[in-house]
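Report on the following structure.
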Amino acid sequence: MSSSPDLPITLWRDLRAATLAGDAAWGAIDNACLVVQGDRLAWVGPLPELPPEWASRVNDEVHVDNAWVTPGLVDCHTHLVYGGTRAHEHELRLQGVSYEQIARAGGGIRSTVAATRSLDEEALCQAAARRLRQLQADGVTTVEVKSGYGLSLDDERRMLRVARRLGREGMDVRSTYLALHAVPPEFDGRPGDARDGYTEAACQWLDTLHAEGLVDAVDAFCERIGFTPGQVTRLFQHAEGLGLPVKLHAEQLSDQGGAALAAEFGALSADHLEWLSEAGIQAMAQAGTVAVLLPGAYLTLKDTHLPPVAALRAAGVPMAVATDHNPGSSPALSLTLMMNLACTLFGLTPEEALRGCTHVAAKALGLHDRGRLQAGLRADFSVWDVEHPRELSYWLGHRPLLERVHAGRADGRLAA
Ligand code: NIG
Ligand code: FE
């Protein structure tokens, strides 16, 4: 096995590993150890089988007292950067006003756009960093962050710059350009469908922001209150021309054929999917597009139309689970709580939920170097005070995290 002679080696031992690799349930290994060299896992397996060439070179040992270790969690769909809250809309919905009605009355995403535009980069960064720490306390080591509350070149840029800055806070951050989230007020009253002109502008901004190195993927909100499949196609063709991968908010409130459209473009993922059709499922299965399930939005909007989990499973479509953290439809800051909801509301098994927040979520971001405990992959892992990993989908609001290791570096919770 290749190794880098200069990098110090840490042996994490006396643990039980849910590697999510191999054929065993949970990829479980008893009396396991992890050899960490730099930011990589160099060896994973039962302690008694640790090869002497590794054992002899260990610089440091961490004993974790038979705790369970999983891959670091991956939150593959968030809108973490924004100003304000929308608790007043929550209250309105409790009185019977729908998410769609609020959006059509000029609230919803547009009200967060106004609040976001009013904050400078520093203030946005501080607010987002506080939320990021909540996710870290839940064992998350990689997070995706979308723009989409700026809706002008400068305001989208500011959001994406904040996303890049968050990537220096002990977390891997992938940034997604979501200008096609809502139409900003500047485009009101334009002749014809104002969304067409806005889509053109959003394509031009993408050129600039991509050239500035701020964009890892491109997303859009394909919905009656969002953008049409035709407008999404225009954006996706543009993204394709730039070599950027795409993903889509699809079939959240109605069936627009968005998932099939995303699959046509080889999308990394289609997300939400409450109204996904059989044709959409088949298209996703063929394209290898990940289904990202967002039970926080389903719960918050008091949705009753379930995503077709059994049919997705039967078709072999990989299912990820994410917080969709945003101030409107999912003010959720716990990915393990989402695992619970994915099981309780959507019918995932606890093992599917953990896979959905690790290697499947990584796939939804186009990342293949994480999400399992396996030699050669990144040393991103979380140590849990649980009797079994199924417990991660059990608690409602308890965070049994003992330690989080990102790129080989422990937060220091165990030592504290
Ligand atoms: O994923 N549905 C569109 N976008 C977000 C909600 C955005 C908002 O309401 O601010 C979502 O649910
Ligand atoms: Fe979303």
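The values are calculated or read from the model by the stated rules, or taken from the named source; none is laboratory data. Remember, predicted model here, so these are calculated numbers, not experimental data. All Cβ positions, glycine included, derive from the backbone under ideal geometry; neighbour counts span all protein chains shown. Surface accessibility is based on the protein's heavy atoms, side chains included, excluding ligands, DNA and RNA. Shrake-Rupley method; radii C 1.70, N 1.55, O 1.52, S 1.80 Å.
One line per residue, one yes/no per condition, for (1) buried (at least 17 other Cβ atoms within 10 Å of the Cβ); (2) away from ligand 2 (no atom under 16 Å from the Cβ); (3) more than 30 Å from Leu92 (Cα to Cα):
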{"residue": "Gly226", "(1), (2), (3)": "yes, no, no"}
{"residue": "Gln237", "(1), (2), (3)": "no, yes, yes"}
{"residue": "Glu251", "(1), (2), (3)": "yes, no, no"}
{"residue": "Leu261", "(1), (2), (3)": "yes, yes, yes"}
{"residue": "Phe265", "(1), (2), (3)": "yes, yes, yes"}
{"residue": "Ser269", "(1), (2), (3)": "yes, no, yes"}
{"residue": "Ala320", "(1), (2), (3)": "yes, no, yes"}
Review point. Within segment 308-318, which residues are surrounded by fewer than 24 Cβ atoms within 10 Å (Cβ to Cβ) and either within 16 Å of ligand 2 (Cβ to nearest atom) or of a type in the set (A, V, I, L, M) (or both)?
Key: Val309, Ala310, Ala311, Leu312, Ala314, Ala315
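Go through segment 226-242 and give me each residue that's assigned to a loop (DSSP other than H, G, I, E, B) and more than 23 Å from the chain's Cα centre (by Cα). So that I can check it myself, show each step before the final result.
Initially, segment 226-242 is screened for residues assigned to a loop (DSSP other than H, G, I, E, B), giving 226, 228.
Listed by number, the list holds a single entry, Thr228.
Is it fair to say Gln282 is within 16 Å of ligand 2 (Cβ to nearest atom), in contact (Cβ under 8 Å) with a residue 12 or more places away in the chain, over 20 Å from His77 (Cα atoms) and touching a helix residue (DSSP H, G or I) at 6+ places or on another chain (Cβ under 7 Å)? Talk me through it step by step, then tell me what you get.
Numbers: within 16 Å of ligand 2 (Cβ to nearest atom): no; in contact (Cβ under 8 Å) with a residue 12 or more places away in the chain: yes; over 20 Å from His77 (Cα atoms): yes; touching a helix residue (DSSP H, G or I) at 6+ places or on another chain (Cβ under 7 Å): yes.
When the stated conditions are applied, Gln282 does not pass them.
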Review point. Is at least one residue of segment 387-396 more than 17 Å from the chain's Cα centre (by Cα) and assigned by TED's automatic domain parsing to the domain that holds Thr112?
Key: no
Point to revise | Elements of type strands (runs of 3 or more DSSP E) in segment 24-114, at least 1 residues being within 16 Å of ligand 1 (Cβ to nearest atom) and of a type in the set (D, E, K, R) | key: 73-75
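Listed here are the residues, each with its yes/no results for (1) part of a loop (DSSP other than H, G, I, E, B); (2) closer than 23 Å to Ala202 by Cβ; (3) in contact (Cβ under 8 Å) with a residue 60 or more places away in the chain; (4) open to solvent by 40 Å² or more (accessible area, probe 1.4 Å).
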residue	(1), (2), (3), (4)
Leu124	no, yes, no, no
Arg131	no, no, yes, no
Glu144	no, yes, yes, no
Asp154	no, yes, no, yes
Val162	no, yes, yes, no
Thr176	no, yes, yes, no
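Restrict the check to segment 128-149 and report whether at least one residue is among the basic types (Lys, Arg), under 18 Å from the mean Cα position of the chain (by Cα), within 16 Å of ligand 1 (Cβ to nearest atom) and farther than 19 Å from Leu268 by Cβ.
Taking segment 128-149 first, the residues among the basic types (Lys, Arg) are 130-131, 133, 146.
Filter once more, so that each one left must be under 18 Å from the mean Cα position of the chain (by Cα): 130-131, 133, 146.
Cutting the leftovers down to within 16 Å of ligand 1 (Cβ to nearest atom) gives us 131, 146.
Retained after the next criterion (residues that are farther than 19 Å from Leu268 by Cβ): 131.
Yes: segment 128-149 contains one or more residues that are among the basic types (Lys, Arg), under 18 Å from the mean Cα position of the chain (by Cα), within 16 Å of ligand 1 (Cβ to nearest atom) and farther than 19 Å from Leu268 by Cβ.
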Check your understanding: Is it the case that Asp60 is farther than 24 Å from Leu132 by Cβ and touching a Ser or Thr at 6+ places or on another chain (Cβ under 6 Å)?
Key -> yes
Point to revise | segment 362-391, subset touching a strand residue (DSSP E or B) at 6+ places or on another chain (Cβ under 7 Å) and outside any loop (DSSP other than H, G, I, E, B), residue most open to solvent (accessible area, probe 1.4 Å) | key: Lys363
